[in-house]
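Report on one structure; see the data block that follows.
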Amino acid sequence: MRHIGSLQIALLTGMFAVGLLGATSAFAADAHTTTKFGGVKANSGTAAHSRQGGNDTLTWSDDFKIPDTPAPHWQVVDSMGNVFLLQRLKIKGDKENRTIVLPPYIHDVAKVQIWCAWAEALLGEASFAKPIMTASGERMRSGGMAMSR
């Protein structure tokens, strides 16, 4: 059996830590967080974008409070100003759409909004520092599909 010295153990531990830090940084590079929601009813928490497999998702933070309105929905705005109304925040019973998958026809996201579909009113919004390109947007940019806007 071979004896490993304390210097070799320290060196191996340091290499492992650097590798783990690099993997964590690569994972964090896929996550993007908005500014804090601001608006008349939705004024707490943030939304985070992440990609899992080929799906782009949005998730609200733990400190986000669902506005007390009849029909609050997720809504996103792309870099060209197109608005996409998505799922309700609350669904039957106590269930919530805390995380949603963005449909493939959304190619980037500049803002996340909370929209009351019943009153047709903007309850609050949060922005990304720069628009987030979705997987479908990346495919279009690389020439994978023809753009039909």
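The values are calculated or read from the model by the stated rules, or taken from the named source; none is laboratory data. What you see is a predicted model; the values in this text were computed from it and never measured. With ideal geometry, Cβ positions are generated from the backbone for all residues, glycine too; neighbour counts draw on all protein chains shown.
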Which of the residues spanning region 42-54 are surrounded by 14 or more Cβ atoms within 10 Å (Cβ to Cβ) and polar (S, T, N, Q)?
N43, S44, T46, S50
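The rows are residues; the columns are (1) among the hydrophobic types (A, V, I, L, M, F, W, C); (2) within 23 Å of S142 (Cα to Cα); (3) in the same structural domain as A42 (by TED's automatic domain parsing); (4) at pLDDT below 95.
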residue: F84; (1), (2), (3), (4): yes, no, yes, no
residue: R88; (1), (2), (3), (4): no, no, yes, no
residue: K92; (1), (2), (3), (4): no, no, yes, yes
residue: K95; (1), (2), (3), (4): no, no, yes, yes
residue: P103; (1), (2), (3), (4): no, yes, yes, no
What pairs can you find where one residue is in region 34-58 and within 17 Å of C116 (Cβ to Cβ), the other is of a type in the set (K, R) and surrounded by fewer than 18 Cβ atoms within 10 Å (Cβ to Cβ), and their Cβ atoms are less than 6 Å apart, with a gap of 6+ or different chains?
S44/K65
Give the residue, chosen from P72, P103, P67, that is surrounded by fewer than 17 Cβ atoms within 10 Å (Cβ to Cβ) and not β-branched (V, I, T).
P103
Conditions (1) surrounded by 15 or more Cβ atoms within 10 Å (Cβ to Cβ); (2) assigned to a loop (DSSP other than H, G, I, E, B); (3) not aliphatic (A, V, I, L, M); number of the one not met by T59
(2)
Is region 89-97 home to any residue that is part of a strand (DSSP E or B), without any contact (Cβ under 8 Å) to a residue 60 or more places away in the chain and surrounded by fewer than 19 Cβ atoms within 10 Å (Cβ to Cβ)?
yes
For region 100-138, name all the residues that are assigned to a strand (DSSP E or B) and of a type in the set (V, I, T).
I100, V101, V109, V112, I114, I132
Verdict on A31 being at pLDDT below 95 and aliphatic (A, V, I, L, M):
yes
